[in-house]
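Below you'll find the structure, written out as structure tokens, and then a few comments.
The values are calculated or read from the model by the stated rules, or taken from the named source; none is laboratory data. Predicted model, so just to flag it, every value in this text is computed and none were measured. We place every Cβ from the backbone using ideal geometry, glycine too, and count neighbours over all the protein chains shown. These accessible areas exclude ligands, DNA and RNA; they are computed on the full protein's heavy atoms, side chains included. Shrake-Rupley method; radii C 1.70, N 1.55, O 1.52, S 1.80 Å.
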Amino acid sequence: MKENALITILTTLIILSAISAIFAGIMLINLKKKEDLKVRLKIKKDFLYSSYRIAVKIPFLRRYMSRIKKRIEILDLSDEWTINRKTMRFTYFSLGISLTVLFILLILSQNLYFALISVFTVYILHNQIIKMLVDRLDSRLLKQFENFLENVRHHYHEHGMIDEAIYDSISECDYEMSLHAEKMYETLTDTNIDDRVDQFYDTAPNKYMKTFIAMSYLVQRFGDKFLEGKSIYLTNLNYLKQEINMELLRREKLGYLFQSLSAIAIFPIFTLNFIRKWAVSNIPELYEYYDGVYGFIATTVLFILAVAAYQLIVRLQTNAEYSPLGSKLLSRLLKIWIIRHITDAVYEKNIQNH
């Protein structure tokens with residue numbers, strides 16, 4: 001009877017996973033479609049946009065979606081309508097899968113320990129889903145930026161004008177990159193270019209775009225230099241393109257390596273109950289140890305170590321450049337004058353040393 005119930009649950013899990021995968025695939029395909037966002041989409045109201053308008057009225061969902069939206073806005077310069085839809089799509093995808101898995105795991109849980117493991121597992125799954133979705137946007141933008149640099153290099157080689165080279169490359173970009181390229185062009189052609197460059201530094205999604213705008217600004221202001229008949233600007237563009245390619249390869253490799261490490265870090269907490277049953281069945285006297293104070297302390301320490309190891313792996317895997325300050329406590333501490341002053345002093349000292 002128990003085997004039939006287990007088979008039924010596993011079958012249900014497989015069906016739900018298949019439905020979730022199909023739904024996720026449809027959403028990711030829709031993300032890649034180029035649409036007239038500034039005219040047609042702002043007027044059109046669909047399921048995602050209507051859902052977003054309803055969800056933001058719920059306090060918990062509003063805070064949750066706000067954190068997702070901030071991460072999307074760094075990478076995507078689309079209009080508010082499009083970003084809201086992407087935010088809602090990410091929310092449906094992450095919460096839908098996480099809550100489904102949590103419900104199934106809680107049904108299968110035999111005791112409080114397994115219930116805690118279920119919650120922790122879903123927490124890890126949820127973080128990985130959000131990270132996967134945001135990293136996919138980030139990596140896609142980097143690939144588009146790499147192609148953009150190649151186009152800028154080609155047009156600059158033709159007429160030697162940076163702003164015109166960027167302008168000519170806009171129509172050759174993918175949609176996401178074209179928005180950033182337009183912003184770069186507006187920055188370099190603004191009458192108050194110094195302030196616009198500073199503003200661009202504050203909002204640029206990655207260090208490579210900052211480097212590109214800095215190179216272009218200096219060459220546009222002071223002119224290009226030639227070394228052994230080769231343009232320094234074009235040479236630097238090649239170096240920048242190589243760095244982006246190496247960064248994409250590094251992310252792919254780290255993603256593969258750390259994905260295994262995350263599973264290894266949390267694996268011990270799943271085996272503890274099975275080890276307990278095996279030990280007690282062979283040595284009944286161990287029952288007092290496992291169910292006593294020592295067993296409780298050992299279980300708690302193991303669980304804390306697993307959580308700490310996972311958090312460390314996530315921090316090592318995540319690119320700190322795109323990680324917003326998630327701690328309200330740290331934000332409040334930095335508002336205190338003396339703490340902010342000490343922090344700034346240490347930061348400036350490190351900058352000077354490097």
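Would you please state the base-10 log of I(q)/I(0) at q = 0.33 1/Å for segment 253-296, with intensities from the Debye formula using one equal scatterer on every alpha carbon?
So the normalised log intensities work out to -1.06.
Can you give the Kirkwood hydrodynamic radius for segment 110-162, in Å, rounded to one decimal and based on Cα pairs?
Working: mean 1/r = 0.0684 Å⁻¹.
Value: 14.6 Å, from the Cα pair sum.
Please tell me which of these pairs span more than 25 angstrom C-alpha to C-alpha: LYS131/LYS277; LYS225/LYS253; LYS57/LYS210; LYS183/LYS241; LYS57/LYS183; LYS86/LYS131?
Working: LYS131/LYS277 36 Å; LYS225/LYS253 37 Å; LYS57/LYS210 37 Å; LYS183/LYS241 20 Å; LYS57/LYS183 32 Å; LYS86/LYS131 14 Å.
Too far apart for the 25 Å limit: LYS131/LYS277; LYS225/LYS253; LYS57/LYS210; LYS57/LYS183.
Ranked from the most accessible area to the least, with a 1.4 Å probe and all protein chains present, what is the order of PHE258, PHE212?
Numbers: PHE258 30, PHE212 0 Å².
Reading off the accessible areas and sorting them downward yields PHE258, PHE212.
Give the peptides 249-255, 135-141 in descending order of average Cβ contacts within 10 Å, highest first.
135-141, 249-255
Beyond 20 Å, what percent of the Cα pairs of segment 167-306 remain? Intermediate results must be reported in sequence, preceding the final value.
Working: 6587 of 9730 pairs.
Beyond 20 Å sits 68 percent of the P(r) for segment 167-306.
By accessible area of protein heavy atoms, probe 1.4 Å, what ranking do GLU228, GLU158 get, highest first?
On the way: GLU228 165, GLU158 120 Å².
Descending accessible area places them as GLU228, GLU158.
Multiplying the sequence separation of LEU95 and ARG63 by 0.36 nm and subtracting their Cα-Cα distance, what value in nm do you get? Intermediate values should be presented prior to the final figure.
Working: separation 32, 0.36 × 32 = 11.52 nm, distance 1.38 nm.
Working it through step by step, the gained length comes to 10.1 nm.
Once you wrap a convex hull around the alpha carbon atoms of segment 152-233, what is its projected area averaged over all directions, in nm²?
Working: hull surface 22.0 nm².
That works out to 5.5 nm², a quarter of the Cα hull's surface.
Can you tell me the Rg and the Dmax, both Å, for the Cα atoms in segment 34-185?
Computed over the Cα atoms of segment 34-185, radius of gyration and Dmax are 20.4, 72 Å.
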